[in-house]
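The values are calculated or read from the model by the stated rules, or taken from the named source; none is laboratory data. For clarity, every value in this text was computed on a predicted model and none was experimentally measured. Reconstructed Cβ throughout: ideal geometry from the backbone, glycine too, with neighbour counts over all protein chains shown. Please note that ligands, DNA and RNA were not included when accessible areas were found on the heavy atoms of the full protein model with its side chains. Shrake-Rupley method; radii C 1.70, N 1.55, O 1.52, S 1.80 Å.
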Amino acid sequence: MRRLFPPLSELEFAGEPAPLPVAVVVLARDEERCIARCLDSVIGRGADRVIVIDTGSVDRTSSIVDEYRRHGVESVRIPWPGSFADARNHAIDVVQTGWIVFLDADEWFAEKSADQFVACLESLSAARSLDRLAFAPIIHHPDSGMSVVELPRIFLADSGIRYHGAIHEYPVLPGTTRPPQLVGLDVWLHHDGYLPEVAVAKEKMDRNLNLLRTAREEDPGNPRWLYYLVKDGLPTLTRAHLIEICTELRVLAERDARTGDRRTAGEYYQLTLSEACQGLAIAGDWPTVLRYSEEMREPDAHYYRSMAALLTGVPEEHDLLATIGLRRAQERVSTSALDSSGRHLDALIIALLARFRGASTAEGYHELCHPWTDVFFEDSRLRTPEFQRHPFE
């Protein structure tokens, strides 16, 4: 995991920590599948308040939450405001003071973190400039093995920090477009809301794309929304649309356009290229993939060049040796926009080993690795030549 912000050890403290109330807020809508699991990971762990903000459930979510009232869980029901930022800001207004800890209904605390997060926040109450800080837990996705370490979820409710953006919302300091300083916490959450069957059942792609249109209308020219348009909507985008988005992002990167968060326009351009090239490869536009790879960071540039050789040309043994050498350079691997843990390179190594060293050698390496799935691979096994058939369908 590559952190884009200072660790907890770099904070400055002043005096003894003063106790501050801790409120855990769960945003929920039609979450009967998982809301009980989320609440079970929180109740009885020392939080002063546990609040569910229900934005219009029509399934059993509300009745399940009502069963937790005996444990002190509060239920606040509001109409869907049309924006995740608005929903989170409403929750901030409900909490008013002290720590606010945001949890999505499809998340839950890891057991050890559930027992420790309140004590952790108590120890942070003496940090200097606390009203300008936000804290990021580690959000682990068990299905993919990946973890997200840069989502601000914890801060002071009375700091004036508010969220912006209808979807993929981000916090900013009061009266500004600047993000709070982000500090990483060794507090673990699990998240399974993007399991394919869950995402399909909740129609998350359509929801996200509709909200992204709103975000772009309200904040035109922000590179953040173009990146998420590709990341969330890749299966819906044509070759021409992908190239159009990448071209627009290149212009914004050259202008160093405002993003409102910790990433620059140039970083969003890099991230988008890596995502877009998957769709371009599906469309068979390898010349554009290779052209874009010239502008990528090396881990992903190498990945796409090697996949082009493997799938459309004649790979050579030096491709295997170069991939192994790159895989060992963990600092360079950590800059990947596709997977900072390097699983995509492992999958590439497996495919090249099968070509040059035989199936048994490839399988031996496969058994040592965490599996990787993208448009080229399924569980680190190379897809059939018909990989152009969309893997998300």
| query | Can you name every residue in the range 79-129 that is open to solvent by less than 50 Å² (accessible area, probe 1.4 Å), outside any loop (DSSP other than H, G, I, E, B) and of a type in the set (S, T, N, Q)? | reply | N89, S113
| query | Hey, does the range 233-251 have a residue that's in a helix (DSSP H, G or I), in contact (Cβ under 8 Å) with a residue 40 or more places away in the chain and within 17 Å of the chain's Cα centre (by Cα)? | reply | yes
| task | May I ask you to say which residue of T259, T247, T272 is over 22 Å from E331 (Cα atoms) and either among the small types (G, A, S) or at pLDDT 95 or above (or both)? | result | T247
| field | Complete set of residues in the range 252-270 that are over 22 Å from the mean Cα position of the chain (by Cα) and either open to solvent by 60 Å² or more (accessible area, probe 1.4 Å) or acidic (D, E) (or both) | value | E254, R255, D256
| request: Taking G184 as meeting all but one of (1) within 21 Å of W99 (Cβ to Cβ); (2) surrounded by fewer than 20 Cβ atoms within 10 Å (Cβ to Cβ); (3) in contact with a Leu (Cβ under 6 Å, 6 or more places away or on another chain), write down the number of the exception. | output: (3)
| task | Within the range 355-370, work out how many residues are open to solvent by 50 Å² or more (accessible area, probe 1.4 Å) and free of Cβ contacts under 8 Å to residues at least 60 places away in the same chain. | result | 10
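Tell me which residues, restricted to the range 75-121, are among the acidic types (D, E) and within 14 Å of A23 (Cβ to Cβ).
Going residue by residue through the range 75-121, those that are among the acidic types (D, E) are 86, 93, 104, 106-107, 111, 115.
Once the filter is applied, which keeps residues that are among the acidic types (D, E) and within 14 Å of A23 (Cβ to Cβ), the range 75-121 yields only D93.
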| message | For the condition without any contact (Cβ under 8 Å) to a residue 24 or more places away in the chain and acidic (D, E), what is the one hit in E378, E298? | response | E378
